[in-house]
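Peer 1: Before I ask anything, here is the structure I am working with.
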Amino acid sequence: MNPYELIDKLRERHLLSEEEFITLIACHEQKKIRDYACSAAREVQKKYYGNKVYIRGLIEFTNYCKNDCFYCGIRAGNASALRYRLTKEEILQCCEQGYGLGFRTFVLQGGEDPYYSDEKIVDIVQTIRAKYPDCAITLSIGEKSYESYLAYYRAGADRYLLRHETADYAHYQKLHPPALQWKVREKCLYDLKKIGYQVGSGFMVGSPYQSARSLAADMKFLHLLAPHMVGIGPFISHRDTPFAGYENGTFQLTVFMIALVRLMLPNALIPSTTALGTIFSDGREQAIVCGANVIMPNLSPVDVRAKYALYDNKLHSGKEAAEHKALLEESMKAIGYEIVVDRGDCKKI
Ligand code: 5AD
């Protein structure tokens, strides 16, 4: 089959074989093929979500992390990182500001920081849940036990983001130290689904040692997991990590992967990520017209934003800033999309 037929097949059957994915991914440098995938993805996106773009207020509440992922700027081993933690009161202030701005989802994201015990997380979630019954609460705080996930869910968390990063086991171990194991990551994701969370997974594009075969494994894994949300962004190197100086992932391949995920998981919520906006000036807009339908502006206190530096030059001002939502609305309008005040749950197929 030629690449166009493979795109049509993915759209109709929502799956390709590993070899077919590899063939298709290998064609991503051809603009015509990317355009074909993007317009197919856009049709599918319009069918399920019209021209709506959902927004999430991202509260990066701690950049302490016990892990040492080779790619990440807030890894434990980075002694140059300026560390911070937000208090419960500061987190609640972020929610208050966000609610006023029209956010109906709060994403609490942080490094794996043992300071925030399960009791503390449960208390924060319960408080937000009681104050904002009409909002979705998303957690993104890494690998935890089944019991911990269950406790957060019972406290009122609805959604959980945990990227699988790469579903190629050997590749996973090249991106992470031995303390982090693919099998644990996989179990966490299935535990979250079992408990009833809306689950977000995802991967980096162009991370060191990634091959077309690794990306094909990502697609297969996503097909099996069937998450509600899929976060896809380019790898961007950070100067204080073992991957300093490695090449960044490309904009073209990232957008192509977003389009393929839209075709495979038609009703998924797919963010147009900050990392895309960082490597390409209108990257966020281009991802939206290729099938992404979520944007997560930064709702953290302004003085800590620069410290949540997962990679070099991470954007946190202008359209990335929750308080400048009007700028984002304008840029979405210019491409024919509309930001809505809505929890933005996953539509049923
Ligand atoms: N480049 C791009 N994305 C990164 N992340 C962490 N470090 C980097 C980097 N250097 C992503 C990971 C993680 C998410 C919160 O940020 O995929 O899951």
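The values are calculated or read from the model by the stated rules, or taken from the named source; none is laboratory data. Please read all numbers here as calculations on a predicted model, not as lab measurements. Cβ atoms come from the backbone with ideal geometry, glycine included; neighbour counts cover every protein chain shown. Only protein heavy atoms, including side chains, enter the accessible area calculation; ligands, DNA and RNA are left aside. Shrake-Rupley method; radii C 1.70, N 1.55, O 1.52, S 1.80 Å.
Peer 1: Scan around GLY231 for amide H atoms under 5 Å from its own, H built in the peptide plane at 1.01 Å from N, and keep only partners 5 or more places away or cross-chain.
Peer 2: SER201, GLY202, PHE203
Peer 1: Highest mean first, how do 36-44, 229-237 rank when packing is the count of other Cβ atoms within 10 Å averaged over residues?
Peer 2: Most protected by this proxy first, the peptides run 229-237, 36-44.
Peer 1: Could you sort out which of LYS193/LYS325; LYS144/LYS187; LYS52/LYS347; LYS66/LYS120; LYS131/LYS325 sit more than 21 Å apart by Cα distance in this structure?
Peer 2: LYS193/LYS325; LYS131/LYS325
Peer 1: Here is a follow-up. Of the accessible area of the chain, with the probe set at 1.4 angstrom, what percent is carbon plus sulfur?
Peer 2: Looking at the chain in its full context, I get 53 percent from C and S.
Peer 1: If you don't mind, another one. Taking the convex hull of the Cα atoms, report for region 1-125 its projected area averaged over all directions, in nm².
Peer 2: Hull-based average projected area comes out at 12.0 nm².
Peer 1: Please report, in debye to the nearest 20, how large the charge dipole of region 108-199 is about its Cα centre when each Lys and Arg carries +1 at its beta carbon and each Asp and Glu carries -1 there.
Peer 2: In debye, rounded to 20, region 108-199 gives about 200.
Peer 1: Find, among the trypsin sites (Lys or Arg not before Pro) in region 51-124, those assigned to loop by DSSP (not H, G, I, E, B) with at most 15 other beta-carbon atoms within 10 angstrom.
Peer 2: Filter output for region 51-124: LYS66, ARG83.
Peer 1: How big is the Kirkwood radius of region 150-236, worked out from every pair of different alpha carbons and given in Å to one decimal?
Peer 2: By the Kirkwood definition, the hydrodynamic radius is 13.4 Å.
Peer 1: Specify the residue with the greatest mean-square fluctuation among GLN30, GLN93, GLN210, computed from a Gaussian network of the chain linking alpha-carbon atoms under 10 Å apart.
Peer 2: Residue with maximal mean-square fluctuation among GLN30, GLN93, GLN210: GLN30.
Peer 1: While we're looking at this one, here's another question. Once you wrap a convex hull around the alpha carbon atoms of the chain, what is its projected area averaged over all directions, in nm²?
Peer 2: The Cα convex hull of the chain, projected and averaged over all directions, gives 15.4 nm².
Peer 1: Enter the accessible area per residue of the chain (Å², integer; probe 1.4 Å; all protein chains in place).
Peer 2: Heavy-atom SASA per residue in the chain reads 40 Å².
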